[in-house]
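Visitor: Have a look at this one before I ask anything.
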Amino acid sequence: MHTTSLAAPPSPLSARRRWTVLAVCALSMFLVGVDTTIVNVSLPEIGRGLGTGTRGLEWAVDAYTVVLAGLLIVSGALADRFGRRRIFQCGLIVFGLASLACALAPALGVLVGARAAQGVGASMLSPVALAIVVNAMPDPRERARAIGVWASVFGLSMAVGPVTGGVLIAALGWRSVFWINAPVVVAALVLVAVFVPESRAERPRRLDLPGQVLLTAVLGLSVGVLIEGPRIGWASPTALVCYVLTMAAAAGFVRVELRHGEPLVDLGLFRRPPFASAVLGAAAVFVALNVSLLLNTLYLQHTRGWTPLASGASTLPMALGATLCAPWSGTLVGRFGPRRPLILAGGFIAAGGLCLTNLRQDTSVPLILLAHLLIGVGFGFANAPLTNTAVSGLPRSRAGVAGAITSTARQVGAAIGIAVAGGMAAGAGPAGLAAASHPGWLLVTACGLFLLVVARVSRS
């Protein structure tokens with residue numbers, strides 16, 4: 001696994017230039033975050049446009065998140081070796097071209113392939129941009145403020161994706177949610193070329209290609225079974241073969257990583273309870289977020305007959321809660337440690353899930369909006385303390401490794417959340433969707449309660 005530039009020499013950049021670098025990198029992070037959730041609100045329209053059902057639409061979302069999760073770590077390693085700005089620019093180009101392919105996709109298969117290519121590009125943006133920012137901020141206090149801004153932008157991007165998607169679909173149709181990436185990518189490429197300096201790790205780590213292949217296989221097989229399980233049968237011969245292959249790939253991955261001198265994933269970190277719980281907590285938060293977004297989209301558009309714009313607008317309380325509470329969470333972590341904001345995050349997410357565990361066809365809109373607000377507040381409080389818990393107590397040389405694993409866990413959680421929520425909704429018609437979603441809202445509640453466990457394990 002790669003390390004970030006925490007050990008890099010101090011940057012000679014001026015203060016204005018350093019914060020400009022942060023703004024440019026945050027723009028790309030915003031693009032990646034929005035694209036993770038913007039497609040959710042578009043799914044019913046994409047299904048009608050391409051003539052596909054819920055299960056095919058799940059692949060359109062998870063092709064992006066699975067590839068992104070699988071390649072995050074190796075992309076960071078490539079950036080450390082070949083130059084962070086260079087890999088960052090490559091990522092922008094791949095992401096932009098793949099977005100155009102998504103916008104022009106004539107069929108579901110093309111869309112899924114283009115979404116996977118988007119994931120390849122996005123994997124070169126998220127960890128690499130953070131490494132660029134850390135390299136540009138040699139002062140620890142300034143770096144802490146920059147990472148706080150980074151976390152706020154990330155939380156905001158995930159939350160506003162559905163709102164943005166609803167507006168675009170209402171005005172220009174579902175293909176516009178991909179067209180909109182083009183001008184942002186062009187602007188980012190120009191800004192990177194002008195303002196972002198090149199940097200590399202002093203001693204880049206060797207690539208772990210066997211580990212990378214096995215990690216991708218584990219993620220692809222496990223998510224694939226979750227998506228296709230309801231159709232093929234959980235005990236069918238095909239499913240049983242997939243279970244065996246998944247376990248074999250997982251066992252092979254552990255064996256390769258334990259024997260590799262510079263493994264893709266440092267499994268020794270998982271011996272630390274705070275780190276292991278923080279990684280699981282990061283996955284749980286994104287399971288909760290993506291289950292909420294997908295069930296909300298399908299319920300409001302299919303059962304209640306809302307337009308994409310209206311269902312996207314219903315997530316505004318979620319976006320507001322995440323936007324306001326992310327920087328507040330960073331302040332609380334700095335003053336009191338991660339435990340208090342983690343307790344707040346878990347409590348609010350659990351409360352939001354509980355609001356909808358008895359969802360009906362005629363559930364009041366204020367209750368739905370309240371649930372979205374509570375989940376958004378919890379999401380806003382969650383990211384900063386989870387990252388802090390993952391890296392606290394580690395030497396600086398291993399902090400980047402811990403951060404990369406946590407980022408990967410978030411995307412794995414997103415993929416699992418989409419697969420689970422889609423599986424609940426796939427066999428339900430509009431009239432039965434509300435009842436079918438009840439286990440999903442219980443899952444959201446359970447994810448919130450799990451954060452309370454993470455808070456107990458974390459250092460206060």
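Visitor: Quick one: the Cα spread of the stretch 157-237 along its three principal axes, in angstroms, biggest first?
Guide: Rounded to whole Å, the extents work out to 56, 50, 19 Å.
Visitor: Another question, then. What is the percent of Cα-Cα separations in the stretch 350-391 that go past 14 Å?
Guide: Roughly 54 percent, rounded to a whole number.
Visitor: Taking Rh as the Kirkwood radius, which is the inverse of the mean 1/r over Cα pairs, what is the Rg/Rh value for the stretch 291-353?
Guide: 1.12
Visitor: With a 10 Å radius around each residue's Cβ, average the other Cβ atoms per peptide and rank 177-187, 33-43, highest first.
Guide: 33-43, 177-187
Visitor: Sticking with the crude label model, points 7 Å out along Cα→Cβ, report the distance from Arg335 to Val110 in nm, one decimal please.
Guide: Reported label-point gap for Arg335 and Val110 is 5.5 nm.
Visitor: Taking 0.36 nm per residue of separation and subtracting the Cα-Cα distance, what length does fully extending Asp362 through Trp179 add?
Guide: Residue separation times 0.36 nm, minus the Cα-Cα distance, leaves 62.3 nm.
Visitor: Quantify, in whole percent, the carbon and sulfur part of the accessible surface of the stretch 236-391 (1.4 Å probe; protein heavy atoms only).
Guide: Carbon with sulfur: 70 percent of the solvent-accessible area.
Visitor: Right, here's the next one. Using a Förster distance of 35 Å, how high is the FRET efficiency between Arg17 and Arg456, based on the Cβ-Cβ distance and rounded to 0.05?
Guide: Working from the Cβ atoms, E equals 0.25.
Visitor: Convert each backbone phi in the stretch 373-384 into a coupling constant with the Karplus relation 6.51 cos²θ - 1.76 cosθ + 1.60 (shift: θ = phi - 60°), then list the ³J(HN,Hα) values in order as whole Hz, x for Gly and Pro.
Guide: Calculated HN-Hα couplings, in order: 4, 5, 5, x, 4, x, 4, x, 6, 7, 5, 4 Hz.
Visitor: Assuming R0 = 41 Å, what is the FRET efficiency of Leu370 and Ala251, from their Cβ-Cβ distance, to the nearest 0.05?
Guide: The pair Leu370/Ala251 has a calculated efficiency of 0.35.
Visitor: When averaged across all projection directions, what area in nm² does the alpha-carbon convex hull of the chain cover?
Guide: Mean projected area for the chain: 19.4 nm², to one decimal.
Visitor: Once you place label points 7 Å from the Cα toward the Cβ at Ala170 and Ala310, how far apart are they in nm?
Guide: 1.1 nm
Visitor: Keeping all protein chains in place, calculate the accessible area per residue for the chain (probe 1.4 angstrom), answer in Å².
Guide: Ligands and nucleic acids excluded, the figure is 37 Å² per residue.
Visitor: Using a simple charge model, +1 on the beta-carbon of Lys and Arg, -1 on the beta-carbon of Asp and Glu, nothing else, what dipole does the chain show about its Cα centre, in debye to the nearest 20?
Guide: 1100 debye
Visitor: Multiply the residue separation of Leu207 and Ala235 by 0.36 nm, subtract the distance between their alpha-carbon atoms, and state the gained length in nm to one decimal. Mind dumping the intermediate values first?
Guide: Working: separation 28, 0.36 × 28 = 10.08 nm, distance 3.75 nm.
Taking 0.36 nm per residue and subtracting the Cα distance, the gain is 6.3 nm.
Visitor: Which order do peptides 432-438, 315-321, 88-94, 334-340 fall in by mean Cβ count within 10 Å, highest first?
Guide: 315-321, 88-94, 432-438, 334-340
Visitor: Just order 380-387, 233-240, 343-350 by mean Cβ neighbour count inside 10 Å, highest at the front, would you?
Guide: So the order, starting with the most tightly packed, is 380-387, 343-350, 233-240.
Visitor: Please state, rounded to one decimal and in Å, the Kirkwood hydrodynamic radius that the stretch 149-284 gives when every pair of distinct Cα atoms enters the mean of 1/r.
Guide: Taking every pair of different Cα atoms in the stretch 149-284, averaging 1/r and inverting gives 19.6 Å.
Visitor: Need one number: nm distance between label points at Arg48 and Ala446, each 7 Å from Cα along Cα→Cβ, rounded to one decimal.
Guide: 3.4 nm
The values are calculated or read from the model by the stated rules, or taken from the named source; none is laboratory data. Remember, predicted model here, so these are calculated numbers, not experimental data. Here Cβ is always computed from backbone atoms with ideal geometry, including for glycine, and neighbour counts include all displayed protein chains. We work out accessible area using only protein heavy atoms, side chains counted, and drop any ligands, DNA or RNA first. Shrake-Rupley method; radii C 1.70, N 1.55, O 1.52, S 1.80 Å.
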